[in-house]
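Working notes, structure below.
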Amino acid sequence: MKKLWGGRFSKQPEEWVDEFGASISFDQQLASQDIKGSLAHAKMLFQCKIIDESAYENIKNGLLSLQSDVEEEELTYSVKYEDIHLNLEKLLTDKIGPDGGKLHTARSRNDQVATDFHLYVKEETLLIIAHIEELQKSLLHLAEEHVETIIPGYTHLQRAQPVSFAHHLLAYFWMLDRDKGRLQDSLKRSDIMPLGAGALAGTTFEIDRNITMNELGFRDKYLNSLDAVSDRDFAIECCSNASMIMMHLSRFCEELILWSSEEFGFIEISDSFTTGSSMMPQKKNPDMAELIRGKSGRVYGSLISLLTLMKGLPLAYNKDMQEDKEPVFDTVKTVKGCLSIMTGMMNEVIIHVDKMNKAVHQDFSNATELADYLAKKGIPFREAHELVGDMVLQCIQKECYLLDVTLEEYQEWCPLVENDLFEALSPKTAVERRNSEGGTGFEAVRQQIDAAQLKMAVSNN
C-alpha cells in the first residue's frame, strides 16, 4: 500500500517497521482534538478563499460525521496509516471523496499534532483542577467538623506539640491550592496555538491564523514557526505540576497509612478503599492509599522521560517527539484517578476522636507549654528549656507524664510554679491558646477555614 507521503519513495517499509514507527495505538486518544483542529482549519481555508464553499461544506460534514463515529467508538484505525492524523484523513476521504485531500492544504502533521496536543493538555488541565477542588471540598468539610479535635503534631515523626486535627487537614488543603495555582498558571502556556506554522517554516498560502485561533478558543498563537512545532514545554510543565500533586498526595497517604495502623488507631479507612489478605483473615490493608503513594513514582518517571526526550533535540520536529504523548496520557489518567480515590477515601474516613485524645494525654507534647509557663514567670527561655528537659527526664525515669506530677513536686523543682500550671499543660489549652495568625488555635483555625472557603468561592466564580 502506498503511503500518503510516499511519492518520492521507491520502496515501501516492511510491516514490522510500520508497526515500530506507528503511533496510532496511543495517539488515537487525540481523535476529538484532531477533528476539532481540522474543522477550524477547513473554515479558515474557506474564509481565506483557499478552498471553495462546496469543498468546505463537504469536509465539514464529513468531519462532523467522523466526530459522531468517535463518540460512538465506531471507528477502526489501521497501523498502515501510522497516526491519528493520517487515519482520520483516510477515513474522511473514504466518506467524502477527493475533497478530503484538500483539508491538508497549508498544514503539516507537525503543526497539526502540536495543536492537538495543546488542546488535549489544556482540556485535561481544567479537568484536573476540577478534581483538586473536589478533594479540597472534602478536606474543608472534615476540617469544619474537627476544629476542636486534637491530634499529636510531629516533627521527625516524633511527638512535638498537640494540634487541631482540622489544622493538620488544612495543611493539605493549602498544598492542593498551590497545585491548583500552578495548573492555572500553566494554562497560559498550553493555551497557545501552533497551527499555521506548517512543517517548520510557515506556508506560502495566504492563511489567517487569527481565524483558527479564535475558532479553537486559544488565547494566543506562536509567533515563531520553528518554536511552534518543536515546543513541548507545556507537556513537560503538565507532568511537572502532576508530579507536585502526586508528591502531596503521597505524603498525605503516608500519614493515612500510619494513622490507620493499630499502633496509631487515629482513623479507619472505609472498606471501599481497603483489601484483605488471602492468608491472614484479620487483615485490613490500606491498598488504595499505598497505590497512590506508589503511583507517584510512575508520574515522576513520565516527567524524567519527557525531559530526557527533549534535552538533545535540534530544531525543529524530530520523530523522537512521537514519544511525548504516552507519558502525558498516562500522567493525566493517573493523577485524575488518584485525586478521585483520595476524595472518596476522605469522604468515607472514620475519625477515632477518642484515640486521638488519649494520645495527646500520654506523651510529652505539652513540654513546650511548661517552658513557656516558666518564661512568663520571668525565667529566661533557654534556662526554662533546660529545666523542662530535666523534668521530662525525671518523668521518663518514673514512667509518668507532666500532668501526673503533683503541685508539691513541681514547687520543689521550681518555686515559681502555681496551681494554674495544670490548666496550661492541658492539651486543649495548649492548642486553644495558639491563636497567632496561621496557628493551630481554635479561633485561628476557624479563621483559616473562612479564608479557605473564600478562596474556593473566588476560584469558582
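The values are calculated or read from the model by the stated rules, or taken from the named source; none is laboratory data. Remember, predicted model here, so these are calculated numbers, not experimental data. Quick reminder, even Gly has a Cβ in these numbers, built from the backbone with ideal geometry, and neighbours come from all protein chains shown.
Assorted remarks:
- Looking only at residues of segment 22-54 that are charged (D, E, K, R) and either within 17 Å of Y77 (Cβ to Cβ) or surrounded by 19 or more Cβ atoms within 10 Å (Cβ to Cβ) (or both), we find that the one that is modelled with the lowest pLDDT is D27.
- Residues that are closer than 30 Å to R446 by Cβ and charged (D, E, K, R), drawn from segment 381-435: D420, E423, K428, E432, R433, R434
- Entry remark, segment 265-318: residues being crowded, with 17+ Cβ neighbours inside 10 Å, more than 24 Å from the chain's Cα centre (by Cα) and either of a type in the set (V, I, T) or on the phi > 0 side of the Ramachandran plot (or both) number 1 in total.
- Scanning segment 418-434 for residues that are part of a loop (DSSP other than H, G, I, E, B) and buried (at least 16 other Cβ atoms within 10 Å of the Cβ) yields S426, R433, R434.
- Residues that are free of Cβ contacts under 8 Å to residues at least 60 places away in the same chain and of a type in the set (A, V, I, L, M), drawn from segment 58-85: I59, L63, L64, L66, V70, L75
- Test: residue in segment 228-245 that is at pLDDT 95 or above, surrounded by fewer than 17 Cβ atoms within 10 Å (Cβ to Cβ), hydrophobic (A, V, I, L, M, F, W, C) and over 16 Å from the mean Cα position of the chain (by Cα): no
- Qualifying residue in segment 282-290 (condition: outside any loop (DSSP other than H, G, I, E, B) and under 17 Å from E237 (Cβ atoms)): no
- Contact map, segment 342-364: residues that are under 18 Å from S261 (Cβ atoms) and modelled with pLDDT of 95 or more paired with residues that are charged (D, E, K, R) and assigned to a strand (DSSP E or B), Cβ distance under 7 Å, separation 6+ or inter-chain. Pairs shown: I350/E268; H352/E268.
- Residue that is farthest from E134 (Cα to Cα) [pool: residues in segment 302-348 that are part of a helix (DSSP H, G or I) and of a type in the set (K, R)]: K319
- Of the numbered criteria (1) touching a residue at least 60 places away in the same chain (Cβ under 8 Å); (2) assigned to a helix (DSSP H, G or I); (3) within 25 Å of I50 (Cβ to Cβ), the one A106 fails is (2).
- M321 fulfils the conditions (1) surrounded by 14 or more Cβ atoms within 10 Å (Cβ to Cβ); (2) within 15 Å of the chain's Cα centre (by Cα) except for a single criterion, (2).
Let's see how each residue does on (1) surrounded by 22 or more Cβ atoms within 10 Å (Cβ to Cβ); (2) in contact (Cβ under 8 Å) with a residue 40 or more places away in the chain; (3) under 20 Å from M246 (Cβ atoms):
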position: A171; (1), (2), (3): no, no, yes
position: G181; (1), (2), (3): no, no, yes
position: G196; (1), (2), (3): yes, yes, no
position: G202; (1), (2), (3): no, no, no
position: E206; (1), (2), (3): no, yes, no
position: R219; (1), (2), (3): no, no, no
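- Filter result for L309 (in contact with a helix residue (DSSP H, G or I) (Cβ under 7 Å, 6 or more places away or on another chain), among the hydrophobic types (A, V, I, L, M, F, W, C) and under 26 Å from G198 (Cβ atoms)): yes
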